[in-house]
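Okay, structure first, notes after.
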Amino acid sequence: MGRCGRTGLLKRYSNKDKKATRDALETVGMLEHRDRQMGKLSGGEQQRVLIARALVSEPKILLLDEPTASVDSTMQTEFYEILDRLKQSMAIVLVSHDISAVSVHVDKIACLNRQLYHHGSPHIEAEVLEATYKCPVQMIAHGTVPHRVLKEH
């Protein structure tokens, strides 16, 4: 469970390793599933176990590439809640095409389209997105921001 680099390939896990594994599974809400096979877990549960696997090695930074790609919306919400807790103790870099989903949970956003555009906050104006991706965008928000209709392109 991510501790092999510390113990070696054929060595037994120590009590400290076992505790770190339990703590990581508890952090992601998967301790009660510790005896289930990975293939028997849902996509969201598998993602949480993979995060636990990374956490057990005590990283300073967590790199995630489309971590919610095969996860239903309920599990996505739970997944982002886990990341909200984790970002208090480590840096998290998350790659996603779904800016609207992650923008609520991030401190900074960078957009990549042949060039990297870094934004010092999670708030991006539609005009900036249109300039970055060279096409019209649609932004829908609840509250004070009205929805926009895409132009033909």
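Of all the numbered requirements in (1) at negative phi; (2) within 15 Å of the chain's Cα centre (by Cα), Ser121 misses one, and that requirement is (2).
For segment 105-136, a residue qualifies if it is in contact with a His (Cβ under 7 Å, 6 or more places away or on another chain) and outside any loop (DSSP other than H, G, I, E, B), and the qualifying residues are Ile109, Ala110. Please verify whether segment 102-118 includes one or more residues that are closer than 27 Å to Glu26 by Cβ, in contact (Cβ under 8 Å) with a residue 24 or more places away in the chain and loosely packed, with under 15 Cβ neighbours inside 10 Å. Yes, that holds for at least one residue.
Could you go through segment 31-41 and let me know if any residue there is within 30 Å of His119 (Cβ to Cβ), surrounded by fewer than 18 Cβ atoms within 10 Å (Cβ to Cβ) and aliphatic (A, V, I, L, M).
No, segment 31-41 contains no residue that is within 30 Å of His119 (Cβ to Cβ), surrounded by fewer than 18 Cβ atoms within 10 Å (Cβ to Cβ) and aliphatic (A, V, I, L, M).
Residue check: is Val49 under 22 Å from Tyr133 (Cβ atoms) and outside any loop (DSSP other than H, G, I, E, B)? Considered against the rule, which asks whether it is under 22 Å from Tyr133 (Cβ atoms) and outside any loop (DSSP other than H, G, I, E, B), Val49 comes out as no. Inside segment 53-91, residues that are β-branched (Val, Ile, Thr) and loosely packed, with under 12 Cβ neighbours inside 10 Å make up a count of 2.
Each row is one residue, and each column tells you yes or no for (1) among the aromatic types (Phe, Trp, Tyr); (2) out of contact with any Leu (no Cβ under 7 Å at 6 or more places or on another chain); (3) modelled with pLDDT under 80.
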position: Asp84; (1), (2), (3): no, yes, no
position: Asp98; (1), (2), (3): no, yes, yes
position: Ile124; (1), (2), (3): no, yes, yes
position: Lys134; (1), (2), (3): no, yes, no
position: Gln138; (1), (2), (3): no, no, yes
position: Val145; (1), (2), (3): no, yes, yes
position: Val149; (1), (2), (3): no, yes, yes
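Restricted to segment 14-29, and to residues there that are under 16 Å from the mean Cα position of the chain (by Cα) and either assigned to a loop (DSSP other than H, G, I, E, B) or without any contact (Cβ under 8 Å) to a residue 12 or more places away in the chain (or both), the residue that is nearest to Leu86 (Cα to Cα) is Val28.
The values are calculated or read from the model by the stated rules, or taken from the named source; none is laboratory data. Source: prediction; values computed, not measured. Every residue, glycine among them, receives a Cβ derived from its backbone with ideal geometry; neighbour counts consider all protein chains shown.
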